[in-house]
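Heads up: the structure comes next, in C-alpha cells.
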Amino acid sequence: MKMSVSRPLILLTLGLLTLIGCNSQDKQASNPDKPEPPTEDCQLNWQQTFEHLNRTWLRSRYDHSCVEQADNAPTIRTSKDAATALHYQNIFDRERERYGYHPRFIPGRPYFDANNLPWMIVNNMNQFNRGDDQPGYHQDPVTLARTDKPLHALTYDDRVYSSFYSNGVECTDCDSYLVRLTESGEWVSISLRELERELGFRQNDDGLDGYRYRYIEQVYFQNNGDVFFKLDHGVVRYQASSQSWLGYSKHWIAQTEMVGDGEHAPLFVRAKNRTYTISRLVSQGNGELIWQDEVVPLPLSLGLYRGSHPIVWHGNTLHIAAISFDALDHNRQDYNTGQYYVRYQLGSESADVMFMGWSGSTSEATPDSHNQPIIHIDSKDRLHFLSGAHNHQIWHRYSQLPVTDERWNNNHQLWVDGETANDKFSPGPDSPVARYPGDLPLKDGVNYVGQPYGRYTYVHGVITEGDNLYLAMRNTAPDTDAPSGYRLEWLEGELQSGGNYQWQDVGVVVMPNWQQYSNYTQKVHQDKLGNLYLLFTYEIQNFNDDSWFNQSLRVSKSSQQECAELSNNSDCIHVVTEHYRRWPNEALAGSSSRYSQPYQHNPTLLMSTDNGQNWRLANTETFLAHRIP
C-alpha cells in the first residue's frame with residue numbers, strides 16, 4: 001500500500017485557513033513557546049571510529065554536542081493529584097517541546113554492563129519521513145529538517161514498515177543499531193544490518209533487518225563477560241574470553257523471549273499451537289555453543305507477550321506467566337482472560353500448568369492480548385505473579401514457600417494431580433469479573449494492586465533489593481484525585497514483616513492534556529546500583545475529521561463552534577490539522593471515524609534514585625554519574 005500525502009496536505013491547508021479565519025490567536029495557540037532547536041553547531045564527526053571489545057565502532061549518528069535539555073527541566077515528583085507530575089500541554093507538547101529534551105541518544109530499553117553503562121537497541125521511527133512517495137529519509141525531531149542520518153528498521157509495530165515496503169520493495173536506507181555509552185562518554189554504535197551480513201545471517205527481501213518490534217529489544221550480559229542480543233535470523237555473541245564476535249543462525253529468533261540466569265548462555269521461548277518451543281544455546285565445554293530445541297506440550301493454547309518479563313529462569317526450572325488464548329468455555333469468558341502459571345523443568349518436555357485466576361477487560365473480544373501477566377522472583381526465592389488487565393484491576397499472588405523448597409517443588413518433579421494455585425500461592429480471584437471493576441464487590445483475600453477499583457493496562461515492573469515491587473501502568477480510573485484521562489502511574493508493593501505485601505498507587509508520573517485514548521508502551525529497567533529507568537513513548541487515538549480539542553478545559557467537541565462556546569477560539573485545536581502540522585507526511589491510521597497515530601513519537605527516558613518518588617529526564621551525564629569503575 002502506497003502512502004499519499006495529497007489528503008493530509010489538503011486537510012492541513014483547510015484546517016489552517018479555518019483557524020486563521022476564525023480567530024487570529026488560534027495559530028499562536030497551537031504554536032507555543034519552546035526551547036531553541038539544535039543548530040548546525042551540534043554536529044560531531046560521525047565518521048569517527050573507536051576500538052572497543054576487539055571491534056571498530058562508529059560514533060553514533062544520534063550523538064551531538066549540544067545541550068541535552070533546557071535549564072528549566074523540572075524534577076518530576078510522583079503525586080496522587082498529578083500536581084507535580086510531568087504535564088503535557090496543547091495535545092502534543094511534551095518533553096522536547098517544553099524542556100528542550102534532546103538527549104545524545106535515541107532513548108531505548110537500557111541494559112547495563114559491568115561498568116553500569118547502558119547498551120540499547122534503538123528506535124527512531126519518530127524521525128521518519130516519506131513524503132511524495134519518495135524513499136524514506138531521516139529528519140531532525142525538533143526542526144523537522146532533512147538530515148543525512150540513516151533510518152532505523154526498528155519500530156513499535158511491524159505493520160508500519162510493511163505498509164511502506166511490501167511486495168518485495170526493499171528499504172535500502174533502513175538499518176538498526178546497537179548503541180552503547182563508553183567510559184569516556186562517547187555514544188558508539190554498530191550497524192545491525194552490516195553485522196547480519198558479516199555473520200552470514202539470512203536477510204529479508206524487504207531490507208528490514210534486525211528488530212521488527214521495539215518491545216522485544218533485549219541485551220543479555222552473562223556473568224563471565226559474554227554479551228548476547230538477537231537479530232531477525234540469528235543471535236550475536238561477544239565472547240569475552242577470546243574477544244571475538246560470533247553468530248548463531250536461527251530464523252525469526254528475534255520474535256522470541258530471551259531469558260538468562262546469569263550463569264549460562266540465554267535461552268529463547270516461543271508460544272505456538274499449544275506448545276512452548278525452547279531454543280537453547282548449549283555449551284560444549286570448550287567455549288562453543290550449539291542450538292538445542294525442546295518442545296513443551298500444553299493442555300491449552302497459552303500465549304506469551306514478549307518483552308513484558310513473562311519468564312523467570314531459576315536453577316533448572318522455567319517459571320512462566322501465561323495468558324490464555326484457548327477457545328474452550330472454561331478459558332473464554334466475556335470481559336475475562338484466563339491467567340496461567342507454567343512450571344517447566346528443562347529437559348523434561350512436560351510441565352505443570354495452573355489456572356491462577358481471571359483478569360478483567362472492558363473489551364468483549366476476549367481473550368484479550370492486553371492481559372499478559374508478569375512474573376518475578378525475590379531474594380528469598382519466592383515467586384511473584386502479577387495479573388494483566390485491560391482497563392481493569394490487577395492482582396498479586398506470591399508463592400507460599402521458596403521455589404527451592406522441596407515441599408513446594410515436589411523434589412523437582414511434577415506436582416500431584418489435583419493441586420491448585422491455592423495450594424502453592426497466596427489467594428487469588430476464583431470467579432470471573434464484570435466488565436467494569438466497580439460492577440462487582442471485591443473478592444475476599446485477594447491482594448489487589450494499587451487502587452482496588454483501578455483501571456490499569458500494560459503491567460511492567462521490577463523487584464528491588466529489598467524485595468519491594470514497583471510497577472508502571474496506565475490508569476484510567478475516574479474516581480481519583482488526579483484529572484481524568486489516560487495517566488501513566490507508578491505503583492509500589494511494600495514487603496511487610498509477615499511476608500505479605502501492602503500495595504499503593506503512589507501517583508501520576510505523566511499527565512497528558514488529551515483526555516481521550518493515550519498509549520505509552522512503558523518499560524521499567526534497573527541498573528546495577530538499583531536506580532530505576534522508565535522508558536515510554538506516546539500516541540493518541542480516537543479522533544476524527546470533526547474533532548476539536550479545548551486545550552484549556554481538556555474537552556473534545558465535534559465542531560469549532562461547540563469548542564469555542566466552552567471558553568474562546570484561542571483554546572481550540574483542530575486535532576487532525578495539528579497532527580499534520582507537526583508530521584506533514586505521516587498519514588493517520590484507522591478509519592476516518594476513529595483515527596490513530598501510526599507512530600509513537602519521541603521516546604523519553606526518566607531516571608529515579610529513590611524508587612520512583614522523584615524522576616528526572618535521563619541524559620548522558622545521568623549514566624556517567626553512576627558508572628562503576
**Request:** Consider ARG627 carefully, then state whether it is of a type in the set (Lys, Arg), closer than 21 Å to PRO512 by Cα and open to solvent by 30 Å² or more (accessible area, probe 1.4 Å).
**Result:** no
**Request:** Tell me which of these ILE540 doesn't satisfy, since it passes every other one: (1) of a type outside the set (S, T, N, Q); (2) farther than 23 Å from THR78 by Cβ; (3) open to solvent by less than 40 Å² (accessible area, probe 1.4 Å); (4) in contact with a Phe, Trp or Tyr (Cβ under 8 Å, 6 or more places away or on another chain).
**Result:** (2)
**Of the criteria (1) of a type in the set (S, T, N, Q); (2) crowded, with 19+ Cβ neighbours inside 10 Å; (3) farther than 23 Å from TRP490 by Cβ, which one SER558 fails** = (2)
**Item:** Residues of segment 242-254 satisfying the condition of being out of contact with any Leu (no Cβ under 9 Å at 6 or more places or on another chain) and under 17 Å from TYR220 (Cβ atoms)
**Value:** LYS250
**Request:** Enumerate the strands (runs of 3 or more DSSP E) found wholly within segment 268-328, keeping only those where 3 or more residues are open to solvent by 30 Å² or more (accessible area, probe 1.4 Å).
**Result:** 275-283, 289-297
**Request:** Collect the residues in segment 366-409 that are open to solvent by 10 Å² or more (accessible area, probe 1.4 Å) and of a type in the set (Lys, Arg), keeping them in residue-number order.
**Result:** LYS380, ARG382, ARG407
**Asked** What are the residue pairs meeting all of these: first residue in segment 550-571, first residue in contact (Cβ under 8 Å) with a residue 60 or more places away in the chain and over 16 Å from TYR88 (Cβ atoms), second residue open to solvent by 50 Å² or more (accessible area, probe 1.4 Å) and of a type in the set (A, V, I, L, M, F, W, C), Cβ atoms under 7 Å, and 6 or more apart or on different chains?
**Response** GLN560/CYS22; ASN569/CYS22
**Message:** If I ask for residues that are under 24 Å from the mean Cα position of the chain (by Cα) and either exposed (fewer than 14 other Cβ atoms within 10 Å of the Cβ) or farther than 23 Å from ASP381 by Cα (or both), which ones from segment 456-471 would you list?
**Reply:** TYR456, THR457, TYR458, GLU465
**Complete:** The condition from (1) of a type outside the set (A, V, I, L, M, F, W, C); (2) part of a loop (DSSP other than H, G, I, E, B); (3) in contact (Cβ under 8 Å) with a residue 40 or more places away in the chain; (4) surrounded by fewer than 24 Cβ atoms within 10 Å (Cβ to Cβ) that SER363 misses is numbered (3)
**Message:** Report every pair of residues separated by at least 6 positions or lying on different chains whose Cβ atoms are under 6 Å apart, first residue within segment 45-69 and farther than 12 Å from GLU186 by Cβ, second open to solvent by 40 Å² or more (accessible area, probe 1.4 Å) and among the polar types (S, T, N, Q).
**Reply:** ASN54/GLN243; THR56/THR49
**Message:** One residue is enough: does segment 367-379 have a residue meeting the conditions more than 21 Å from the chain's Cα centre (by Cα) and of a type in the set (S, T, N, Q)?
**Reply:** yes
**Complete:** From the option list VAL510, VAL449, single residue qualifying as buried (at least 22 other Cβ atoms within 10 Å of the Cβ), farther than 15 Å from LEU386 by Cα and either at pLDDT 95 or above or within 21 Å of the chain's Cα centre (by Cα) (or both) is VAL510
**Complete:** Restricting attention to segment 561-593, the residues that are among the acidic types (Asp, Glu) and open to solvent by 60 Å² or more (accessible area, probe 1.4 Å) number exactly 2
**Message:** For the condition among the hydrophobic types (A, V, I, L, M, F, W, C) and free of Cβ contacts under 8 Å to residues at least 24 places away in the same chain, what is the one hit in ALA625, ALA587?
**Reply:** ALA625
**Prompt:** Has segment 412-424 got any residue that is more than 21 Å from the chain's Cα centre (by Cα), more than 28 Å from GLY347 (Cβ to Cβ) and not hydroxyl-bearing (Ser, Thr, Tyr)?
**Reply:** yes
**Request:** Would you check if GLU217 is free of Cβ contacts under 8 Å to residues at least 60 places away in the same chain, buried (at least 17 other Cβ atoms within 10 Å of the Cβ) and within 19 Å of ILE375 (Cα to Cα)?
**Result:** no
**Asked** What is the one condition in (1) open to solvent by less than 10 Å² (accessible area, probe 1.4 Å); (2) more than 20 Å from ILE377 (Cα to Cα); (3) out of contact with any Phe, Trp or Tyr (no Cβ under 6 Å at 6 or more places or on another chain) that ASN475 does not satisfy?
**Response** (3)
**Message:** Just to be sure before I move on: is ALA114 free of Cβ contacts under 8 Å to residues at least 24 places away in the same chain and either open to solvent by less than 30 Å² (accessible area, probe 1.4 Å) or of a type in the set (A, V, I, L, M, F, W, C) (or both) in the structure I sent?
**Reply:** no
**Request:** Working only within segment 248-267, note down all residues that are in a loop (DSSP other than H, G, I, E, B), modelled with pLDDT under 95 and within 20 Å of PRO310 (Cα to Cα).
**Result:** TRP252, THR256
**Asked** Does segment 478-502 hold any residues that are surrounded by fewer than 22 Cβ atoms within 10 Å (Cβ to Cβ), assigned to a strand (DSSP E or B) and touching a residue at least 12 places away in the same chain (Cβ under 8 Å), and which are they?
**Response** GLU494, LEU495, TYR501
**Request:** Report yes if GLN551 is out of contact with any Phe, Trp or Tyr (no Cβ under 7 Å at 6 or more places or on another chain) and at pLDDT below 90, otherwise no.
**Result:** no
**Asked** Within segment 421-446, can you find the residues that are under 14 Å from HIS390 (Cα atoms) and in contact with a Pro (Cβ under 9 Å, 6 or more places away or on another chain)?
**Response** PRO437
**Fill in**
Contact list, first residue from segment 423-440 and surrounded by fewer than 16 Cβ atoms within 10 Å (Cβ to Cβ), second anywhere and small (Gly, Ala, Ser), beta-carbon distance below 8 Å, six or more apart or interchain, is PRO427/GLY445; ASP430/GLY357; ALA434/GLY360; LEU440/ALA434
**Request:** List every residue pair whose Cβ atoms lie under 9 Å apart, where the two residues are 6 or more positions apart in sequence or sit on different chains, the first residue falls within segment 282-303 and is in contact (Cβ under 8 Å) with a residue 60 or more places away in the chain and farther than 18 Å from GLY347 by Cα, and the second residue, located anywhere, is open to solvent by less than 70 Å² (accessible area, probe 1.4 Å) and in a strand (DSSP E or B).
**Result:** GLY303/ALA271; GLY303/ALA322; GLY303/ILE323; GLY303/SER324
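The values are calculated or read from the model by the stated rules, or taken from the named source; none is laboratory data. Just so we're clear, the structure is a prediction, and the values are computed from it rather than from any experiment. When we count neighbours, we look across all protein chains shown, and the Cβ atoms used for this are built from the backbone with ideal geometry, even at glycine. Calculation scope for accessible area: heavy atoms of the full protein, side chains included, ligands and nucleic acids excluded. Shrake-Rupley method; radii C 1.70, N 1.55, O 1.52, S 1.80 Å.
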